[in-house]
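A single structure is presented below for examination.
The values are calculated or read from the model by the stated rules, or taken from the named source; none is laboratory data. Since we're looking at a predicted model, the values are computed, not measured. FYI the Cβ positions are ideal-geometry reconstructions off the backbone, even for glycines, and counts take in every protein chain you see. Remember, those area values only see protein heavy atoms, side chains included, never the ligands or the DNA or RNA. Shrake-Rupley method; radii C 1.70, N 1.55, O 1.52, S 1.80 Å.
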Amino acid sequence: MAENIRQVLSRGEALRPQSESWQLDTELLLARVLNKPREYLFTWPEQELQLRQIEEFQQLLSRRKDGEPIAYILGKRGFWDFELEVNSSVLIPRPETEILVETAIELLSESRKTAAKIADLGTGSGAIALALAKSCSSSSVIAVDFSEDALNVAKSNASNLGISNIEFIQASWCDGLQDNDFDMIVSNPPYVAEGDAHLLEGDLLFEPSLALVATENGLGDLHTIALQCREKLKKGSWLLLEHGYDQKQAVAEMLERAGYFNIQCRKDLSGVDRLSFAQWGGSSF
Ligand code: GLN
């Protein structure tokens, strides 16, 4: 006998051990198969599904059951005020990274700089770079990534969103930046320590380790960026770095040693120290 939407949704119980958001995941997967918004499922719970649709749903459900992140299965994730295309060559944008975007916009507006020159190092899906380019439309943003596959995702996102005040460069951190008069450089680099147990949990298992893992107990890339950016930033301009929950102190010390001043830290919405930012002093270099 044919199953209806309500009955098919109950198959999502199978995800319970894997996912805290198993109900939402199930709804998103079924809505994808039906090519309808999620609300449709609750408006038409008695609608019977075709066998082909049930099979397709079952395939998506088993991918999720095997741990594949919902963002990769759906190929998209919301960030800031838009939706981004994502795949397994990019880190899935996290809500905590919006703190970096908010802070960057705040600092730029305080500095009353209208046409700011901004760089985003390790742009991945382009989440930060695109949010800044969209919110500060008279600014120009350079988005850098080492991975060609990641840059292709970011470029496609820029074109889907119709954002054009952005340029893409394939390079390692500052190696791709020709100019030395940036008003702001931002980065959400890899900062998880090699061998960290979190790497074996949830979405992180499927995300590119290039985007997650750094040497020196997770501080290696943060350190390289802090040092390299000194050659690229104008005196008094800002460097913003996302980092791990326990890296505030180490990042503050490295920024200070490198010659930055006005070092500050902000917590994310879970109360975790997540973003450090500072101004380039321009003197010790
Ligand atoms: N915030 C991510 C996590 O720990 C890590 C992202 C990163 O390394 N930039 O899940």
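Of all the helices (runs of 4 or more DSSP H) wholly in segment 207-285, which have at least 2 residues that are touching a residue at least 60 places away in the same chain (Cβ under 8 Å)? Steps first, answer last, please.
On the way: elements: 209-212, 220-228, 248-258.
Those helices (runs of 4 or more DSSP H) span 209-212, 220-228.
From the list L255, L269, exactly one residue is surrounded by 23 or more Cβ atoms within 10 Å (Cβ to Cβ) and either modelled with pLDDT of 95 or more or not hydroxyl-bearing (S, T, Y) (or both). Which is it? Show your work before the answer.
Values: L269 fails: surrounded by 23 or more Cβ atoms within 10 Å (Cβ to Cβ).
Of the residues listed, the single one that is surrounded by 23 or more Cβ atoms within 10 Å (Cβ to Cβ) and either modelled with pLDDT of 95 or more or not hydroxyl-bearing (S, T, Y) (or both) is L255.
So, one more: Does S156 count as on the phi < 0 side of the Ramachandran plot, among the polar types (S, T, N, Q), in a helix (DSSP H, G or I) and touching a residue at least 40 places away in the same chain (Cβ under 8 Å)? Step through it out loud before you land on a result.
Details: on the phi < 0 side of the Ramachandran plot: yes; among the polar types (S, T, N, Q): yes; in a helix (DSSP H, G or I): yes; touching a residue at least 40 places away in the same chain (Cβ under 8 Å): yes.
Answer is yes for this residue.
While we're here: Quick test of your reading of the structure: E98 fulfils all but one of (1) assigned to a helix (DSSP H, G or I); (2) touching a residue at least 60 places away in the same chain (Cβ under 8 Å); (3) of a type in the set (D, E). Name the failing condition by number.
Condition not satisfied by E98: (2).
Does L204 satisfy the criteria of being out of contact with any His (no Cβ under 7 Å at 6 or more places or on another chain) and either outside any helix (DSSP H, G or I) or closer than 19 Å to I92 by Cβ (or both)? It would help to see each step written out before you state the result.
Values: out of contact with any His (no Cβ under 7 Å at 6 or more places or on another chain): no; either outside any helix (DSSP H, G or I) or closer than 19 Å to I92 by Cβ (or both): yes.
No: the conditions fail for L204.
Considering only residues that are more than 15 Å from the chain's Cα centre (by Cα), hydroxyl-bearing (S, T, Y) and closer than 18 Å to C174 by Cα, which ones fall in segment 116-146?
Across segment 116-146, the qualifying residue is only S140.
Given (1) more than 14 Å from the ligand (Cβ to nearest atom); (2) surrounded by 22 or more Cβ atoms within 10 Å (Cβ to Cβ); (3) among the aromatic types (F, W, Y), identify the lone condition not met by W173.
Among (1) more than 14 Å from the ligand (Cβ to nearest atom); (2) surrounded by 22 or more Cβ atoms within 10 Å (Cβ to Cβ); (3) among the aromatic types (F, W, Y), the lone unmet condition for W173 is (1).
Hey, can you tell me all the residues within segment 38-72 that are open to solvent by 90 Å² or more (accessible area, probe 1.4 Å) and in contact with a strand residue (DSSP E or B) (Cβ under 6 Å, 6 or more places away or on another chain)?
E46, E48, listed by residue number.
Let me ask something else about it. So which of E207, E201, E242 ends up being open to solvent by less than 30 Å² (accessible area, probe 1.4 Å), within 16 Å of the ligand (Cβ to nearest atom) and out of contact with any helix residue (DSSP H, G or I) (no Cβ under 7 Å at 6 or more places or on another chain)?
When all the criteria are applied, what remains is E207.
Just to be sure I understand the filter: pairs with C-beta atoms under 6 Å, separated by 6 or more residues or on different chains, first member in segment 116-139 and at pLDDT below 95, second member within 16 Å of the ligand (Cβ to nearest atom). Which pairs pass?
Correct list of pairs: empty, since none qualify.
Look through segment 176-198, keep the residues that are within 12 Å of the ligand (Cβ to nearest atom), of a type outside the set (V, I, T) and assigned to a strand (DSSP E or B), and return whichever of them is nearest to G124 (Cα to Cα).
Across segment 176-198, the extreme among qualifying residues is S187.
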